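The values are calculated or read from the model by the stated rules, or taken from the named source; none is laboratory data. Computed from a prediction, not measured in an experiment: that's the story for all the values here. For neighbour counting, all protein chains shown are included, and Cβ atoms are generated from backbone atoms with ideal geometry for every residue, glycine included.
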């Protein structure tokens, strides 16, 4: 009977070991926010669990102490008890008495170990991980009582362990870091969308917002070759004409060349001038002070700078020249996708599904300024090279200036140059590899396509995280001298809208009209 009693004690200790294991895993996996809300609702055991989480290192040490002690005692009690109980039956079935003791000891060890592993380790661990909040509320308070009872011993063990950790150059922490990094949040949003816990559009908006910190002014700006600017000697009437022609409301004002921007003309200031005086008043009298920012300025910091009266920033490259301009609309479109209004009649997306070809391969109509991260979104992983846009990729693959009708294949994708203007591929028809699922076109539509200014979101819900992060570059593409605008006449589009004026060199999109003074 003594052996049976000892076995019952061993079973009870195995259950106690399971409680310690459940406490260890539930306290480390439970969300602090869930516990705090449970405390606010007055749920039983929540306050004790929250207190334990706030002393996590100490409580985990207590749990480890309990696990270690119960394991040792279970082994001391269960193995000999089981051995004695089964040694007699082993002799009865013909096992020699000289061997029965050894066989019984081996069987006793195996049985007690399996029972302890299942009942005292695996079951409570899996249970705690599956329902951390419920388990933490059950075992948090008892665990705190046990740790408090052995506080001096646990404190000594903790101090010894912390000393060893510090010798390795690390500072011990009392609690787990519950704050999530940006990449963790992105992965969490994508997983939530995949599981249906979060709307795909909501998750995409969340991911785009998080990725703003990884973008720079160069990534969101309107490139120099697309900028519509006005000469310092132009008049208020010229601003009104340019606004009617392009739908734009702000224009950089330069002296002699676009590398010497001296101000920003806003249609609001022009409209404040009496109509009769507009042909006589020059921009030097109404322009605002320009805001200059480097290409490397992160978008979140750029957003802080673009406040109040400063809603346009002139982006300066590393050589001191004008690289382009960035506006609040550029940043907003990085988050919410393309924003279209009545002033964008000619706007076309950078990348849009175009059905399938005769071989059943998915096709995409792409603008030459489409960024590499946009291409990665539909599966085109461009090799590393000295280019940032689709136009640059095509030119690098051809080894010359592209012309309409050119065809090249990169990474299994066929690229047909549909239109080439301004010494670059303006529109390209992409053919996915034969193995590519044509349904990717639907995914591309769902994840949203950015406009011609290259304002695509920073991350996609189903894309390759590393590829998208490595290829999230600017829209600047191939830049040339912008030339000088005349004082009068209509001006071409700024950025992605309509037709562009032609000066010393052509802008990237469309045919341009020459304007004289």
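Test residue 203 against the criterion of being modelled with pLDDT under 90, closer than 24 Å to residue 35 by Cα and crowded, with 16+ Cβ neighbours inside 10 Å, and give yes or no.
Considered against the rule, which asks whether it is modelled with pLDDT under 90, closer than 24 Å to residue 35 by Cα and crowded, with 16+ Cβ neighbours inside 10 Å, residue 203 comes out as no.
With the checklist (1) under 18 Å from residue 240 (Cβ atoms); (2) touching a helix residue (DSSP H, G or I) at 6+ places or on another chain (Cβ under 9 Å) in hand, flag the one item residue 295 doesn't pass.
All conditions pass for residue 295, except number (1).
For residues that are outside any loop (DSSP other than H, G, I, E, B), in contact with a helix residue (DSSP H, G or I) (Cβ under 6 Å, 6 or more places away or on another chain) and farther than 18 Å from residue 324 by Cα, tally how many sit in segment 212-235.
Qualifying residue count for the region: 2.
So which residues in segment 350-386 are without any contact (Cβ under 8 Å) to a residue 60 or more places away in the chain and either in contact with a helix residue (DSSP H, G or I) (Cβ under 8 Å, 6 or more places away or on another chain) or surrounded by fewer than 24 Cβ atoms within 10 Å (Cβ to Cβ) (or both), if there are any at all?
358, 383, 384, 385, 386
Take the conditions within 57 Å of the chain's Cα centre (by Cα), farther than 17 Å from residue 148 by Cα and at pLDDT 90 or above and apply them to residue 21. Does it pass?
yes
Of the residues 35, 77, 65, which single one is under 37 Å from the mean Cα position of the chain (by Cα), in contact (Cβ under 8 Å) with a residue 40 or more places away in the chain, on the phi < 0 side of the Ramachandran plot and surrounded by 15 or more Cβ atoms within 10 Å (Cβ to Cβ)?
35
Inspect segment 31-40 for any residue being within 18 Å of residue 127 (Cβ to Cβ), part of a loop (DSSP other than H, G, I, E, B) and modelled with pLDDT under 90 and give the result as yes or no.
yes
Which of the residues belonging to segment 302-321 are touching a helix residue (DSSP H, G or I) at 6+ places or on another chain (Cβ under 9 Å) and in a helix (DSSP H, G or I)?
302, 303
For segment 262-301, what are the residues that are in a loop (DSSP other than H, G, I, E, B) and in contact (Cβ under 8 Å) with a residue 24 or more places away in the chain?
Passing the criteria: 273, 278, 279, 280, 281, 286, 287, 289, 290, 295, 296, 297.
Among the candidates 148, 197, 242, which residue alone is assigned to a helix (DSSP H, G or I) and without any contact (Cβ under 8 Å) to a residue 12 or more places away in the chain?
Checking each option against the conditions leaves just 148.
State all residues of segment 303-322 that are in contact with a strand residue (DSSP E or B) (Cβ under 6 Å, 6 or more places away or on another chain) and either more than 16 Å from residue 263 (Cα to Cα) or not assigned by TED's automatic domain parsing to the domain that holds residue 235 (or both); if no residue qualifies, say none.
317
In segment 236-250, what count of residues is obtained for those that are more than 19 Å from residue 275 (Cβ to Cβ) and touching a helix residue (DSSP H, G or I) at 6+ places or on another chain (Cβ under 9 Å)?
Total meeting the criteria: 2.
When you look at residue 416, is it farther than 25 Å from residue 220 by Cα and surrounded by 19 or more Cβ atoms within 10 Å (Cβ to Cβ), yes or no?
No, not satisfied.
In the list 252, 223, 274, 290, which residue meets the criterion of being touching a strand residue (DSSP E or B) at 6+ places or on another chain (Cβ under 8 Å) and over 13 Å from residue 312 (Cβ atoms)?
Residue meeting the stated conditions: 223.
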